[in-house]
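Colleague: Please read through the structure below; I'll follow up with questions.
The values are calculated or read from the model by the stated rules, or taken from the named source; none is laboratory data. Quantities reported herein were computed from a predicted structural model and do not represent experimental measurements. So basically every Cβ, Gly included, is an ideal-geometry build from the backbone, and we count neighbours across all protein chains shown. Surface areas here come from the heavy atoms of the whole protein model, side chains and all, with no ligands, DNA or RNA. Shrake-Rupley method; radii C 1.70, N 1.55, O 1.52, S 1.80 Å.
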Amino acid sequence: AIERTLSIIKPDATRRNLTGKINAKFEDAGLRIVAQKRIHLSLAQAQKFYAVHAERPFFAELTEFMASEPVVVQVLEGEGAIAKNREVMGATNPANADAGTIRKEFALSVGENSVHGSDAPETAAEEIAFFFSGLELVG
Ligand code: CMP
């Protein structure tokens, strides 16, 4: 089925001017960028977005990092977009990521891992609605 998923290009990647190279990976895999904007999250916004991880030991590190510098939030659309995006990103920890994936090529560490992607249809819908209104999605 045609799906949409929420993607974030994280501060370690925007800082190193990798937005275009990462977008090329998505587009080469057949994912269409149907919405995109560059924003600087407040700490409160980062904490709200990652609320599911609030009890994890890395929550403070994660949210402070995500609020440290601009991010690019985007909606990717395509056949099986949620799984396809996860394939293109590679494993969360770049040490475990396959060759050719975004995290293998660009990530610095498990925290500074260049990209976020939704993990399931329900979270994709919630995460898209967190950042975008329906009017901003242009398929
Ligand atoms: P993401 O897909 O954005 O969802 C939660 C994030 O937590 C994950 O990617 C990692 O970047 C981050 N994360 C997971 N484990 C750790 C860790 N041990 N230390 C710091 N950040 C982590």
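Colleague: Can you tally the net charge around F106? Count Lys and Arg as +1, Asp and Glu as -1, for every other residue whose Cβ sits under 11 Å from the Cβ of F106.
Modeller: Around F106, the surrounding residues sum to +3.
Colleague: If you take the charge dipole of region 74-134 about its Cα centre, with +1 on Lys and Arg Cβ and -1 on Asp and Glu Cβ, which of G117, A95, N85 is farthest toward its positive end?
Modeller: With unit charges placed on the Cβ atoms, the residue in question is A95.
Colleague: Ok, one more. Work out from phi, with θ = phi - 60° and the Karplus expression 6.51 cos²θ - 1.76 cosθ + 1.60, the ³J(HN,Hα) of each residue of region 3-13, listed in order in whole Hz, and give x for Gly and Pro.
Modeller: Those phi angles translate into 10, 10, 9, 9, 10, 10, 8, 7, x, 5, 8 Hz.
Colleague: Roughly how many percent of the accessible protein surface of the chain is carbon and sulfur, given a 1.4 Å probe and a whole-percent answer?
Modeller: Exposed carbon and sulfur together represent 51 percent of the surface.
Colleague: If the chain between I2 and R15 were fully stretched, how many nm would it gain, using 0.36 nm times the residue separation less the Cα-Cα distance? Numbers along the way, then the final one.
Modeller: On the way: separation 13, 0.36 × 13 = 4.68 nm, distance 3.18 nm.
Extra length available between I2 and R15 comes to 1.5 nm.
Colleague: Also: Distance check, please: which entries in K37/K104; K25/K104; K21/K104; K48/K104; K25/K48 exceed 20 angstrom between their Cα atoms?
Modeller: Those over the limit are K37/K104; K48/K104; K25/K48.
Colleague: Count the net charge of all other residues whose Cβ sits under 13 Å from the Cβ of V52, scoring Lys and Arg as +1 and Asp and Glu as -1.
Modeller: Neighbour charge sum, excluding V52 itself: -3.
Colleague: Considering only DSSP states other than H, G, I, E and B, which chymotrypsin sites (Phe, Trp or Tyr not before Pro) in region 54-99 qualify as loop sites with at most 16 other Cβ atoms within 10 Å? All intermediate terms of the calculation are to be shown ahead of the outcome.
Modeller: Numbers: sites: F58, F59, F65; in loops: F58.
Of the chymotrypsin sites (Phe, Trp or Tyr not before Pro), the ones in loops of region 54-99 whose Cβ has at most 16 other Cβ atoms within 10 Å are F58.
Colleague: Okay, moving on. Within region 105-125, name every residue whose backbone N is under 19 Å away from a label modeled 7 Å from Cα of N96 along the Cβ vector.
Modeller: Once the point is set 7 Å along Cα→Cβ of N96, 105-120 turn out to lie under 19 Å by backbone N, inside region 105-125.
Colleague: Cα-based Rg (one decimal) and Dmax (whole number) for region 76-118, in Å?
Modeller: Using the Cα atoms of region 76-118, the pair Rg, Dmax is 10.0, 29 Å.
Colleague: For the chain, what is the Kirkwood hydrodynamic radius in Å, using each pair of distinct C-alpha atoms?
Modeller: That comes to 14.9 Å for the chain.
Colleague: I need to check one value: relative contact order of region 25-139, counting alpha carbon pairs closer than 8 Å and at least 6 residues apart, in percent.
Modeller: 27 percent
Colleague: Here's a follow-up. For the residue pair I33 and E122, what label-to-label distance in nm results when each label sits 7 Å from Cα along the Cα-to-beta-carbon direction?
Modeller: Computed distance between label sites I33 and E122 equals 3.1 nm.
Colleague: Still on this structure, please answer the following. In nm, what is the difference between 0.36 nm times the number of residues separating E55 and L108 and their Cα-Cα distance?
Modeller: Gain in length upon complete extension: 16.7 nm.
Colleague: Rolling a 1.4 Å sphere over the protein heavy atoms, what is the accessible area per residue of region 43-122, to the nearest Å²?
Modeller: On the way: 3980 Å² over 80 residues.
Roughly 50 Å² per residue, with all protein chains present.
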